[in-house]
Amino acid sequence: MSVLRVLHLSKAFGGVHAVENVSFEVGEGEFLALIGPNGAGKSTCFNMINGQLAPDAGDIEFAGRSIAGWKPRDIWRLGVGRTFQVAATFGSMTVAENVQMALKMALVSHHGEIFRFGAAFAARHRERAVELLAQVGMADAAERACKELAYGDVKRVELAIALANEPRLLLMDEPTAGMAPRERNDLIGLVKRLVIERRISVLFTEHSMDVVFAHADRIIVLARGVMIAEGDAKVIRDNPQVQQVYLGTGRTFTPHVEGRV
Ligand code: ADP
Ligand code: MG
């Protein structure tokens, strides 16, 4: 069963057809990579799915309901999560406080629970926050200020924050941007494990083809706003059109793609 269905989605900016007639589905518990060269329309797709941009045409169905053109907050509330930057905004708070804040926001949003700062309430959130941090391998850093963390660790905290809302679908637009290849592989591997354990679905973009081929259940390739291929690692690796788009020569993906961040 599909959790997300994207149907004939289009979006243009002036004369630029950023996304044109794109259709795909994300299955329950699926780890789906959306790839393509810079300017292919990946972020525009993400931004329409999470409500930051309204599509010009087409539809987006989440859990059987049309959400095209909804506000980001309403889409988030339905269970579509996304990673967002914590470093800039809440850098002076500790790692645990950041996750506790996300847990409170989720409660208020879903149950209309009013902010209460009683000891029992705080302890319950604290426990849950540390649990989430443990799942992303960051429990030991609970008391550290977010701004002191290494870049890769901030990304793990962002993931814990996104999980606090218990999303059914998690959208990750370049979660490993700026990371070294080894760190990329570790983070995407971690997300993949969480997908399996928590039975959530993930749609992500990632520049390293090695990482995509190693972890994605299925891969969708966009080029200039148009979907050009869909399939597993082998199908995508062997697809001449995909090779053409990435290199123009049909050689291996890796050296070219690793270099761009
Ligand atoms: P990707 O994420 O795959 O690199 P984008 O979705 O960011 O690609 O961009 C797709 C195309 O749409 C590009 O040509 C880009 O320049 C254009 N584009 C994206 N956002 C805007 C915008 N807000 N205004 C104008 N053009 C945009
Ligand atoms: Mg992008």
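Report the residue count in the stretch 220-237 for those that are out of contact with any Phe, Trp or Tyr (no Cβ under 8 Å at 6 or more places or on another chain) and open to solvent by less than 20 Å² (accessible area, probe 1.4 Å).
If we filter the stretch 220-237 for residues that are out of contact with any Phe, Trp or Tyr (no Cβ under 8 Å at 6 or more places or on another chain), which is where we start, we get 221-226, 228-229, 231-232, 234-235.
From the residues that got through so far, the ones that are open to solvent by less than 20 Å² (accessible area, probe 1.4 Å) too are 221-223, 225, 229, 231.
So the count comes out to 6.
Does Met105 count as aliphatic (A, V, I, L, M) and closer than 21 Å to Leu133 by Cβ? Don't jump to the end; show me each part of the working.
On the way: aliphatic (A, V, I, L, M): yes; closer than 21 Å to Leu133 by Cβ: yes.
Against the criterion (aliphatic (A, V, I, L, M) and closer than 21 Å to Leu133 by Cβ), Met105 qualifies.
Taking into account only those residues within the stretch 226-259 that are closer than 24 Å to Leu170 by Cβ and either within 14 Å of ligand 1 (Cβ to nearest atom) or basic (Lys, Arg) (or both), which is modelled with the highest pLDDT?
Met227
Going by what's in this entry, would Glu148 be described as closer than 14 Å to Leu32 by Cα and either open to solvent by 10 Å² or more (accessible area, probe 1.4 Å) or in contact with a His (Cβ under 8 Å, 6 or more places away or on another chain) (or both)?
Here the answer is no, as Glu148 does not meet what is asked.
For residues in the stretch 160-183 being more than 25 Å from Gly51 (Cβ to Cβ) and within 16 Å of ligand 2 (Cβ to nearest atom), which is surrounded by the fewest Cβ atoms within 10 Å (Cβ to Cβ)?
Gly178
Go through the stretch 1-41 and report how many residues are of a type outside the set (Phe, Trp, Tyr) and more than 16 Å from ligand 1 (Cβ to nearest atom).
So the count comes out to 14.
Kindly list the number of the only condition in (1) in the same structural domain as Ser201 (by TED's automatic domain parsing); (2) in contact with a His (Cβ under 6 Å, 6 or more places away or on another chain); (3) more than 27 Å from Ala216 (Cβ to Cβ) that fails for Asp74.
Asp74 satisfies all of (1) in the same structural domain as Ser201 (by TED's automatic domain parsing); (2) in contact with a His (Cβ under 6 Å, 6 or more places away or on another chain); (3) more than 27 Å from Ala216 (Cβ to Cβ) except (2).
Can you report the number of residues in the stretch 1-10 which are more than 12 Å from Ala68 (Cα to Cα) and buried (at least 20 other Cβ atoms within 10 Å of the Cβ)?
Counting residues in the stretch 1-10 that are more than 12 Å from Ala68 (Cα to Cα) and buried (at least 20 other Cβ atoms within 10 Å of the Cβ) gives 1.
If Leu53 satisfies every condition in (1) within 16 Å of ligand 1 (Cβ to nearest atom); (2) of a type outside the set (D, E, K, R); (3) closer than 20 Å to Val191 by Cα but one, which is the exception?
The single condition Leu53 does not satisfy is (3).
What number of residues in the stretch 41-65 are over 17 Å from the mean Cα position of the chain (by Cα) and in contact (Cβ under 8 Å) with a residue 12 or more places away in the chain?
Residues meeting the conditions: 9.
The values are calculated or read from the model by the stated rules, or taken from the named source; none is laboratory data. Keep in mind that this is a model prediction, so the values were computed, not measured. Because the Cβ atoms are built from the backbone with ideal geometry, glycine has one as well, and the counts that use them run over all protein chains shown. Surface accessibility is based on the protein's heavy atoms, side chains included, excluding ligands, DNA and RNA. Shrake-Rupley method; radii C 1.70, N 1.55, O 1.52, S 1.80 Å.
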